[in-house]
Amino acid sequence: MVYREPLLVTLVKLVDRIPFPEPPKKRGRGRPKVYSDRLIVKALVIMIIRRLYSAYSLLAFLEQDTLLTHRLRDLLTENGYFPTRRTWERRLKALPDTLPGLIGCFGRYLVQNLCPYAQSGRAAAMDSTALRAKGGVWHKKHRDKGEVPHSTIDTEAHWSKSGHHGWWYGWKLHLACTVSSLWIPLAAELTPANVYDATIAPQLAHELPEEVRYVLGDRHYRDDDLQAYCTFTGRILITTRPGKYPHQDAGVAVRKILHRLRHQAIEPFNGLFKNVFEWGGQVPVKGLYRTRLIVLGAIFVYQLVLFYQFEHGKPLGLAIKPFLRAA
């Protein structure tokens, strides 16, 4: 009988092989870290795949007496020590602020290794997608009065409106991905739903790989700051133009092709991502910190699966949902 290592163990071990952003040169105030960020990210991978959305549930899972949990506890032990519950809570609470940089770093690494632009133009698409908050909604008449009529309401979420979703209460996942036959998440951030897309766009653009030469977006990304950053980095920003249709300028035919490519990349990827993690209804947690942790962690796990498929010669980007179920 041939022993095969559990998929979850393999994925957690892959975290040791990926690049992490450079730490700040000057350490902040307070006690130095005893456990590395890489160790905390390994725990986050377990949490996302096994749908354990708190430090308590993670530790309760690891306390089970099975071969899998013993292997995972070994991988979460550093210098002979396993973090305490309080350490897990504190470090997981701080992790969301570092995840956008980690996702960007990993995205650049995947572009270098998976070569998605070998047979296509070097473009990235930006968009935001709606994620509904867990529980009830906080109506404006109650919000204005500071009244919370039901305990299930996530008071840190907010309202927004789009042509596709109408009004919704919850969060925005801001994303950038490759425009090619393989969709690779390149940058991500999560905010309350009322944050305007262009506010986060320069942050996403900062994480894009050097290979990207065209940044594609809809009318919400016609922003001076984003345009200035793209110009500074030698990229071309292409967005939907205002005014009555059909446009008659000289570049309209090229823009139509690029906008079609954007629709065929970022919007299907948004739908695929929510389907893989089954967030078409509501996110599974409440609060900005926990929602950022879980949603951005899921983006990282998606990248990690692509890396696994590349390492093992599997078809890239296919059957991710059953793969995660099997893990």
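The values are calculated or read from the model by the stated rules, or taken from the named source; none is laboratory data. From a predicted model like this one, the values you see are computed outputs, not experimental measurements. For neighbour counting, all protein chains shown are included, and Cβ atoms are generated from backbone atoms with ideal geometry for every residue, glycine included.
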Discussion item. Quick check on region 29-48: of everything there that is of a type outside the set (A, V, I, L, M) and crowded, with 16+ Cβ neighbours inside 10 Å, which residue is farthest from residue 90 (Cα to Cα)?
Written reply: 42
Item to complete: Report yes if residue 146 is more than 30 Å from residue 255 (Cα to Cα), of a type outside the set (Phe, Trp, Tyr) and in contact (Cβ under 8 Å) with a residue 40 or more places away in the chain, otherwise no.
Response: no
Worksheet item: Pick from region 156-210 the residues that are in contact with a helix residue (DSSP H, G or I) (Cβ under 8 Å, 6 or more places away or on another chain) and among the polar types (S, T, N, Q): which of them is nearest to residue 130 (Cα to Cα)?
Response: 191
Worksheet item: Of all residues in region 180-190, which are assigned to a strand (DSSP E or B) and out of contact with any Ser or Thr (no Cβ under 8 Å at 6 or more places or on another chain)?
Response: 185, 187, 188, 189
Response to the item:
Only one of 72, 58, 99 is surrounded by 16 or more Cβ atoms within 10 Å (Cβ to Cβ), modelled with pLDDT of 95 or more and in contact with a Gly (Cβ under 9 Å, 6 or more places away or on another chain), namely 99
Discussion item. When you check residue 128 against the structure, is it of a type in the set (S, T, N, Q) and surrounded by fewer than 15 Cβ atoms within 10 Å (Cβ to Cβ), yes or no?
Written reply: no
Worksheet item: In region 135-168, which residues are surrounded by 17 or more Cβ atoms within 10 Å (Cβ to Cβ) and closer than 23 Å to residue 185 by Cβ?
Response: 157, 160, 168
Worksheet item: Which of the helices (runs of 4 or more DSSP H) contained wholly in region 73-147 include at least 3 residues that are closer than 22 Å to residue 172 by Cα and either of a type in the set (Asp, Glu) or touching a helix residue (DSSP H, G or I) at 6+ places or on another chain (Cβ under 7 Å) (or both)?
Response: 99-114
Worksheet, complete the sentence: In region 180-221, anything closer than 12 Å to residue 127 by Cβ and free of Cβ contacts under 8 Å to residues at least 24 places away in the same chain is listed as 219
Fill in: Every residue from region 282-327 that is outside any helix (DSSP H, G or I) and more than 29 Å from residue 56 (Cβ to Cβ)
312, 313, 314, 315, 316, 317, 318, 319
Discussion item. Can you tell me how many residues within region 153-179 are outside any strand (DSSP E or B) and at pLDDT 90 or above?
Written reply: 6
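For (1) more than 29 Å from residue 150 (Cα to Cα); (2) not polar (S, T, N, Q), each residue gets a yes or a no:
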| site | (1), (2) |
| --- | --- |
| 261 | yes, yes |
| 270 | yes, no |
| 275 | no, no |
| 282 | no, no |
| 286 | no, yes |
| 295 | no, yes |
| 298 | no, yes |
